[in-house]
1. Which residues' amide hydrogens lie under 5 Å from the amide hydrogen of Tyr316, considering only partners 5 or more residues apart or on another chain, with H built in the peptide plane?
2. Would you mind getting the Kirkwood hydrodynamic radius of the range 235-349 from its Cα pairs, rounded to one decimal in Å?
3. In the chain, what is the volume of the convex hull around the alpha carbon atoms, normalised per residue and reported in Å³?
4. If I take all pairs of Cα atoms in the range 185-228, what percentage of them are more than 17 Å from each other?
5. Round to a whole angstrom and tell me the spacing of the C-alpha centers of the range 220-282 and the range 137-213.
6. If I ignore ligands, DNA and RNA and count only protein heavy atoms, how much of Leu238 is accessible to a 1.4 Å probe, in Å² to the nearest 10?
7. What list of ³J(HN,Hα) values in whole Hz, one per residue of the range 291-301 in order, does the Karplus curve 6.51 cos²θ - 1.76 cosθ + 1.60 (θ = phi - 60°) give from phi, with Gly and Pro shown as x?
8. Roughly speaking, what % of Cα-Cα pairs in the range 1-48 are separated by over 11 Å, rounded to a whole number?
Amino acid sequence: MSNETVVVIGAGVIGLTTALHIQQHLQPSQNILIVAREFPNTTSLNYASPWAGAHYRPVPVSSPQAARENSQARRTYEHFKQLATEDASSGVQLIDGEEHLESPPPEYLNEANIQDAYAHLDGFRRLTQDETPPEVKWGVRYRTYVVNSPVYCAYLLRKFVLNGGQTREYTLVDPMEAFELAGTGTVRTVVNCSGLGFGDPKSFIIRGQTCLVRNPCSVTITRQNSDGTWSFCIPRPLSGGTIIGGTKEPHNWNPTPSLDTRKQLLSNAAKWSPFTESGGQFDVIRDIVGRRPAREGGMRIEAERVGGDRFIVHAYGAGGRGFELSWGVAQDVVQLMFENELARQKASL
């Protein structure tokens, strides 16, 4: 029987995680190849994963999309908890997370919503008034994870290659091209983790600007300001500094960091307890701008037959939640491959 290659398009966090998970379920006659425009050794505005702040914060909203993402995020949380305990070199660490809301939206005042979104988190509890700044009306604390994203992306790629995976730096114009990239083997399965999905009219970018500073921080804090904007600080494990963020600007293509935005981000963060000791002075390493690949209605996760027994399994459009959803998405992709007999079911090694 001739060799068959599974091609994964994209080396962002979704592509790398999915490729690594598929590797555990390959048939003996199958190889796996990641084809991508950028890999973790490169930096590009359009390759958002290595720029990410990367922490986990539940989203207590009720909708079919939110329910699916909650399931994916919970499974990812379990995986990252295990990884942080077993392998510090991954760049994943368990720490306390806090949320401080000055003007909580209605979904945060519905107790069933909150239990549904937060109850699975270790150590979850409400903060009392004397544990939060006076202007904060709603606060919680829980154990979560933070990720040094460039270290973690390189870690995933290293594991993939050590497990026998192949990589190719190549810019695809159409996912059908991926069926022609296996050399002597055949390709039946292409997994489309391309971020924006090759001209999908529902896809769009969300510009994000953050600031990487040297100031240390022992918790990850998400703060909703009274004007409705959100701020956060995310310490990066392995001495990676702290990310102060951030903006969410749909359809904004400006590649240049705004100094006014930096000033606003740092001024918001200066009011929080972890940084009051520094007197509001931040030691800035760099400003970061990245384009998150979002999609109306959430990620597209489906298997599409494209003639004969060839399939494209789509998994793109995670927006700003790529790290949070990554392992859940990878499991869902492999499940679709099982259902279409594109991979074999066996216990993970």
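1. Residues meeting the criterion, in which the H sits 1.01 Å from N, are Arg300.
2. Numbers: mean 1/r = 0.0554 Å⁻¹.
For the range 235-349, inverting the mean 1/r across all distinct Cα pairs yields 18.0 Å.
3. Details: hull volume 48.0 nm³, N = 349.
So the per-residue hull volume is 137 Å³.
4. Values: 645 of 946 pairs.
Roughly 68 percent, rounded to a whole number.
5. 25
6. 100
7. For the range 291-301, the Karplus-derived couplings read 10, 7, x, 9, 8, 4, x, x, 4, 8, 10 Hz, x marking Gly and Pro.
8. Working: 759 of 1128 pairs.
Cα-Cα pairs of the range 1-48 separated by over 11 Å account for 67 percent.
The values are calculated or read from the model by the stated rules, or taken from the named source; none is laboratory data. Only a predicted model underlies this, so the values are computations on that prediction, with no experimental measurement involved. All accessible areas refer to the heavy atoms of the entire protein, side chains included, with ligands and DNA or RNA removed. Shrake-Rupley method; radii C 1.70, N 1.55, O 1.52, S 1.80 Å.
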